[in-house]
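Notes follow the structure.
The values are calculated or read from the model by the stated rules, or taken from the named source; none is laboratory data. Note that the structure is a prediction, hence the values are computed from the model and not measured. All Cβ positions, even for glycine, are placed from backbone atoms using ideal geometry, and neighbour counts span all protein chains on display. Just the protein is used for accessible areas: all its heavy atoms, side chains included, with ligands, DNA and RNA removed. Shrake-Rupley method; radii C 1.70, N 1.55, O 1.52, S 1.80 Å.
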Amino acid sequence: MTLDLPLIWVALIAVAVLMYVLLDGFDLGVGILFPFARSPAERDVMMDAIAPYWDGNETWLVLGGGGLLAAFPLAYSILMPAFYLPVILMLLALILRGVAFEFRLHGRRRGKALWTAAFAGGSLVAALAQGLVLGGFIQGVAVRDQAFAGQPFDWLTPYSLLTAAGVVAGYALLGATWLVGKTTDALAGDARRWAWIAAGATAVLLAAVSLATLFAHPDIAARWGLAAGRIEGGRLLTRLPIPVLGALGLAVAAAGLRRGRHFAPFIGAALVFLSGYLGLAVSFFPSIVPYGVDFRAAANDDSALGFMLVGAAIMLPVILAYTAYVFWLFRGKVAAGAGYH
Amino acid sequence: MDLDALLLSRLQFAFTLAFHIIFPSFTIGLASFLAVLEGAWLFTRREAFKTLYMFWLKIFALSFGMGVVSGVVMSYQFGSNWSVFSRVAAPVIGPLLAFEVMTAFFMEASFLGVMLFGWKKVGPGLHFAATCIVAVGTLVSAFWIISANSWMQHPVGYAVLPGGSLTAVDWVKVVFSPTFPERMAHMVLAAYLTTALVVGAASAWILLKDAGQPESRIALRMAIGMFAVVAPIQVLVGDASGKEVLKVQPVKLAAIESFWETKSHQALHLVAWPDRAIEGNRWEISVPDVGSFITAGRSDAVVMGLKDVAPRDRPPVFLVFWAFRVMAGLGVAMAGLGLWGAWLWWRGGPERSKLYLRAAVLMGPAGFVAVIAGWIVAEVGRQPWVVTGVLRTADAVSPVGAGQVSASLLAFIVIYAIVFSGGALFILRLMDRGPAVAEPQPTAPEAQRAPGTPLAAGTAGETP
């Protein structure tokens with residue numbers, strides 16, 4: 001067996017997390033935009049635009065968590081206690097907004113208002129919590145004797161608040177551009193306006209987070225060829241395609257919005273996320289718990305990784321195939337009253 | 001690790017798990033029930049089956065959603081609260097959980113969308129296939145979870161590495177550990193019974209108001225068929241599962257039966273007050289010799305008592321003893337409800353006996369109670385171990401302070417109370433209206449009826 005199993009699994013989990021961010025990102029984003037809808041009827045359409053997908057989207061989060069547990073148990077067992085409070089907060093928020101899909105349809109007047117609020121609030125809080133975890137992750141996690149050794153609120157800093165705001169803006173962008181593709185009439189017009197605002201906010205916050213990261217973490221800056229006062233042109237040049245991809249994504253989204261395209265804005269938003277994600281990968285690889293534990297040290301033994309890889313090699317193509325089928329089946333604009341209720 | 005954080009983490013895990021298991025144990029059975037209803041509708045073209053399908057689909061959607069979101073919690077709680085367990089045991093059970101996600105969760109989630117929203121998009125054959133896929137998905141999910149849990153009950157096929165972590169040496173042994181087959185059968189039958197009890201109760205409730213309601217008459221008979229056939233089988237499977245426990249987890253069995261001394265001719269304690277402090281039962285009502293007979297098959301069989309192991313290796317006896325009796329008692333009551341119902345069916349119709357309908361309504365939640373009691377037997381009976389003989393629960397907990405865990409436990413209680421109240425309210429409201437006034441049939445020109453029929457009235461009353 002000459003397969004580099006830990007490397008394969010770190011790639012698979014990275015893809016699972018990226019899938020999660022892109023997919024659940026758009027349905028969380030729709031929840032974040034919920035308060036801005038003009039009427040309950042518009043909210044119904046917004047929900048119909050994501051209802052067939054959200055459960056599958058969220059499953060990528062379970063694969064990310066379960067996969068981390070199974071493939072990199074050491075990383076999982078350090079990161080979860082380190083981010084105890086934001087992780088629990090995220091889970092509770094996901095519960096409230098997840099049940100709201102069904103509950104909102106059954107609620108009468110007050111019940112419907114309650115679960116509308118739960119959906120919007122839960123989506124926002126889940127996005128914030130994920131942003132706080134991201135910020136805390138980039139700041140680094142205190143580790144001693146293969147366990148988390150920091151304080152309960154290590155993750156809460158101005159920097160992590162900045163990343164949280166960035167995640168919220170980015171999800172709102174994904175949500176708005178998704179709605180541009182799935183809705184018609186006044187709602188699609190509103191979605192376009194939301195997408196412009198969210199794109200601006202995402203651009204500013206992504207730039208701010210990037211700069212803050214470079215200033216706060218000389219090690220990361222060095223990886224980008226920007227070590228302490230001098231610029232390594234060669235290294236910077238090889239990294240440059242990543243921010244260029246982000247700028248390209250914004251341009252695609254903007255051009256799509258201006259020309260009234262249906263799905264180009266969403267593709268553009270996804271490219272922005274891909275750029276940010278690759279940026280993180282370049283900044284951290286091969287570390288899986290910044291800045292002490294690299295992925296090989298955290299990896300499960302080859303027996304477990306090999307066993308799972310057999311399953312993944314068979315199941316992941318199948319999963320991607322029927323996920324694609326479901327997206328294809330529900331393609332096109334949402335018709336009013338598309339729900340089964 | 002301070003003791004408070006350990007206790008709080010245990011309470012939180014027990015609470016979130018007990019809440020979660022309510023939904024899978026209902027939706028595993030309900031998914032299969034829906035597949036049967038849709039198949040029956042396709043085969044016979046009787047509208048009653050489709051009306052029932054549409055009615056129970058709504059309840060399924062509500063319950064499945066609650067099951068999904070409370071299940072996501074479990075996959076993160078292993079790390080947030082039991083990080084040492086995660087690190088030590090993940091080499092063995094991690095892949096089983098990963099397989100559950102890959103072989104079940106995605107399938108269920110994707111085809112649930114087709115089930116709920118695909119009526120206008122796919123033909124009836126494909127829609128039926130989606131229902132069947134979801135039903136199979138729920139069973140596959142149960143397979144992996146019971147596999148992982150069975151391994152924790154009685155670990156085999158692994159080795160301990162120098163650093164204290166585990167490694168699997170034989171995956172077939174790990175996945176199909178000795179207690180797995182009986183426990184898998186026991187859980188799936190429990191889920192089917194739980195669903196049948198709810199279906200029976202909801203149908204009986206409608207029939208109490210209108211004994212002629214045609215869909216509820218069909219559904220009640222289907223439920224009675226399940227009680228009458230599955231409940232007695234479940235008693236036998238439970239017995240087989242108990243025999244396996246005797247073989248591989250004798251301490252747990254001693255706690256279930258409150259045996260303290262190792263001896264032959266153990267008495268069966270029908271009821272008792274086991275007390276770990278006095279290492280015995282404060283009082284008991286017992287049948288001599290039957291304890292050995294019922295657990296080991298022979299009244300002269302020597303059966304181990306709790307005093308054979310050190311006090312620190314004994315599980316909490318009182319809870320295990322009584323949880324088992326609640327579960328077994330309800331199981332017998334379910335079989336009784338089935339036989340009584342079958343007799344009434346044969347004598348002209350269960351809906352003619354108000355007493356039976358009331359009993360069926362009363363037994364509606366019995367499946368949930370029995371499932372939770374059964375899991376208490378399984379999980380508390382394994383204590384003080386989280387992986388029997390390998391890792392103690394006290395050593396498995398995360399380095400997280402009591403303050404954080406009390407905050408999260410409180411938040412879980414509040415949020416779950418809100419979600420449970422909402423879900424229960426909506427489900428009970430649907431059940432109170434019954435299948436006849438269910439909903440507009442989303443497909444179908446053929447389902448449109450004249451104004452003034454019950455269905456049309458239901459449609460008009462639906463949109464707020």
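For A:Thr2 and A:Ala281, what does the FRET efficiency come to when R0 = 22 Å and r is the distance between their Cβ atoms, rounded to the nearest 0.05? Each step should come with its number before you reach the end.
Working: r = 24 Å, r/R0 = 1.10.
E between A:Thr2 and A:Ala281, to the nearest 0.05, is 0.35.
Can you give the average number of partner chain beta-carbon atoms within 10 Å of each beta-carbon in peptide B:52-59, as a whole number?
On the way: counts 0, 0, 1, 0, 0, 1, 5, 0.
Across the residues of B:52-59, the mean count of other-chain Cβ atoms within 10 Å is 1.
Leaving out ligands, DNA and RNA, and with a 1.4 Å probe, what % of the accessible surface on the protein assembly as shown is carbon or sulfur? Kindly include the intermediate steps, with their values, before the conclusion.
Numbers: 21840 of 31040 Å².
It is 70 percent, rounded to a whole number.
Calculate, for A:Asp145 and A:Ala207, the FRET efficiency according to 1/(1 + (r/R0)^6) with r their C-beta to C-beta distance and R0 45 Å; round to the nearest 0.05. Intermediate results must be reported in sequence, preceding the final value.
Values: r = 39 Å, r/R0 = 0.86.
With R0 = 45 Å, the Cβ-Cβ based efficiency is 0.70.
Tell me whether region B:138-281 comes out rounded, prolate or oblate; compute the Cα gyration tensor, take square roots of the eigenvalues as a ≥ b ≥ c, and use a/c under 1.5 as the rounded threshold. Could you put the intermediate results ahead of the total?
Numbers: a/c = 3.11, a/b = 1.53, b/c = 2.03.
The shape class here is oblate.
Report the local net charge at B:Ala373: Lys and Arg +1, Asp and Glu -1, summed over other residues whose C-beta lies under 12 Å from its C-beta. It would help to have the intermediate numbers written out before the result.
Numbers: positive: B:Arg325; negative: B:Glu379.
Surrounding charge for B:Ala373 is 0.
So, in nm, how far is label A:Glu232 from label B:Glu47 when the simple model puts each one 7 Å beyond its Cα toward the Cβ?
7.6 nm
With a ≥ b ≥ c the root eigenvalues of the C-alpha gyration tensor of the protein assembly as shown, is it rounded (a/c under 1.5), prolate (a/b larger than b/c) or oblate? Let's see the in-between values first.
Details: a/c = 2.20, a/b = 1.20, b/c = 1.83.
Oblate is the answer for the protein assembly as shown, as a/c is 1.5 or above yet b/c matches or exceeds a/b.
Report the label-to-label distance for B:Val235 and A:Arg108 in nanometres (one decimal), using points 7 Å from each Cα along the Cα→Cβ vector.
The two pseudo-label positions are separated by 4.5 nm.
Report the local net charge at B:Pro274: Lys and Arg +1, Asp and Glu -1, summed over other residues whose C-beta lies under 10 Å from its C-beta.
Working: positive: B:Arg276, B:Arg282; negative: B:Glu257, B:Asp275, B:Glu279, B:Glu284.
Net charge in that neighbourhood comes out at -2.
Considering Cα pairs under 8 angstrom that are at least six residues apart, work out the relative contact order of chain B and quote it in whole percent.
Working: 712 pairs, mean separation 95.5, N = 464.
Here the relative contact order equals 21 percent.
Among B:Ile28, B:Ala223, B:Leu161, whose Cα projects farthest towards the positive end of the dipole of chain B, with charges put on the beta-carbon of Lys, Arg (+1) and Asp, Glu (-1)?
Checked the options; the winner is B:Ala223.
Are there trypsin sites (Lys or Arg not before Pro) in region A:149-245 that DSSP puts in a loop and that have at most 10 other Cβ atoms within 10 Å, and which ones? Mind dumping the intermediate values first?
On the way: sites: A:Lys182, A:Arg192, A:Arg193, A:Arg223, A:Arg230, A:Arg235, A:Arg239; in loops: A:Arg230.
Loop-located and lightly packed - A:Arg230.
Tell me the per residue accessible area of region A:61-213 using a 1.4 Å probe; a whole number in Å² is fine. Display every interim value, and only then the final one.
Values: 4930 Å² over 153 residues.
Counting only protein heavy atoms, the per-residue value for region A:61-213 is 32 Å².
Counting only other residues whose beta carbon sits under 11 Å from that of A:Phe284, what net charge do I get with K and R as +1, D and E as -1? Can you show the working numbers first?
Details: positive: A:Arg223; negative: A:Asp219, A:Asp294.
That works out to -1.
Counting protein heavy atoms only and a 1.4 angstrom probe, how many square angstrom of accessible surface do chains B and A bury in total, to the nearest 100? Display every interim value, and only then the final one.
Values: alone 20700 and 16550 Å², together 31040 Å².
When B and A are taken together, about 6200 Å² of accessible area is lost.
Between A:Leu280, A:Ala297, B:Ala396, whose Cα lies farthest towards the positive end of the dipole of the protein assembly as shown when Lys and Arg beta carbons carry +1 and Asp and Glu beta carbons carry -1, centred on the Cα centre?
A:Leu280
At a threshold of 8 angstrom on Cα-Cα distance, excluding pairs fewer than six apart, so keeping six or more, what relative contact order does chain A reach in percent?
Worked out over chain A, it gives 22 percent.
State, as an integer percentage, the relative contact order of region B:295-435 based on alpha-carbon contacts under 8 Å between residues 6 or more apart.
27 percent
Taking 0.36 nm per residue of separation and subtracting the Cα-Cα distance, what length does fully extending A:Phe327 through A:Val244 add? All intermediate terms of the calculation are to be shown ahead of the outcome.
Details: separation 83, 0.36 × 83 = 29.88 nm, distance 2.92 nm.
Value of the extension gain: 27.0 nm.
Using a/c under 1.5 as the rounded threshold, could you call region B:346-442 rounded, prolate or oblate? The axes a ≥ b ≥ c are square roots of the C-alpha gyration tensor eigenvalues, and prolate needs a/b larger than b/c, oblate otherwise.
Details: a/c = 3.76, a/b = 1.81, b/c = 2.07.
Oblate is the answer for region B:346-442, as a/c is 1.5 or above yet b/c matches or exceeds a/b.
Count, for each residue of A:143-155, the Cβ atoms from other chains sitting within 10 Å of its Cβ, then give me the mean as a whole number. Provide the component values of the computation, followed by the final result.
On the way: counts 0, 1, 1, 5, 5, 4, 1, 1, 1, 5, 1, 0, 0.
Averaged over the peptide's residues, the number is 2.
What does the extension gain come out to for A:Ala255 and A:Val310, with contour length at 0.36 nm per residue minus their alpha carbon separation?
Gain on stretching A:Ala255 to A:Val310: 15.5 nm.
Kindly tabulate the residues in region B:155-181 with an accessible-area decrease of at least 50 Å² between the chain alone and the assembly of all protein chains, using a probe of 1.4 Å.
Buried by 50 Å² or more upon assembly, which counts only protein chains, are B:Trp171.
Please compute, for peptide B:84-91, the average count of beta-carbon atoms on other protein chains lying within 10 Å of each residue's beta-carbon. Before the final figure, lay out the partial values.
Numbers: counts 4, 2, 10, 10, 2, 2, 11, 7.
Partner-chain Cβ atoms within 10 Å, mean over residues of B:84-91: 6.
Helix-derived [θ] at 222 nm for the protein assembly as shown: sum -39500 (n - 2.57) over DSSP H runs of at least 4, divide by residue count, nearest 500? Mind dumping the intermediate values first?
On the way: 29 runs with 578 residues, N = 805.
Taken over the protein assembly as shown, the calculation gives -24500 deg cm²/dmol.
Would you mind getting the accessible area per residue of chain B, heavy atoms of the protein chains only, 1.4 Å probe, in Å²?
On the way: 17660 Å² over 464 residues.
With the other protein chains kept in place, chain B gives 38 Å² per residue.
Please list A:50-59, B:339-348 highest first by mean number of surrounding beta-carbon atoms within 10 Å per residue. Spell out each step's value before the answer.
Values: A:50-59: 23.9, B:339-348: 15.3.
The most tightly packed comes first, giving A:50-59, B:339-348.
Of B:Ser80, B:Val188, A:Met47, which is farthest on the positive side of the dipole of the protein assembly as shown, counting Cα position, with +1 on Lys and Arg Cβ, -1 on Asp and Glu Cβ, and the Cα centre as origin?
A:Met47
Highest mean first, what order results for B:212-218, A:37-43, B:40-46 on Cβ atoms within 10 Å? Numbers along the way, then the final one.
On the way: B:212-218: 18.4, A:37-43: 15.3, B:40-46: 13.6.
Top to bottom by mean Cβ count within 10 Å: B:212-218, A:37-43, B:40-46.
Compare A:Asp302, B:Asp432 by solvent-accessible area with a 1.4 Å probe and give them largest first, with all protein chains kept in place. Numbers along the way, then the final one.
Details: A:Asp302 90, B:Asp432 70 Å².
Sorted by accessible area, descending: A:Asp302, B:Asp432.
When ranked by the protection proxy of mean other Cβ atoms within 10 Å per residue, highest first, what sequence do the peptides B:377-386, A:146-155 form? The partial results should precede the final answer.
Details: B:377-386: 21.7, A:146-155: 17.0.
The packing order, highest mean first, is B:377-386, A:146-155.
Among the chymotrypsin sites (Phe, Trp or Tyr not before Pro) within region A:247-341, which fall in a DSSP loop and have no more than 16 other Cβ atoms within 10 Å of their own Cβ?
A:Phe263, A:Tyr291
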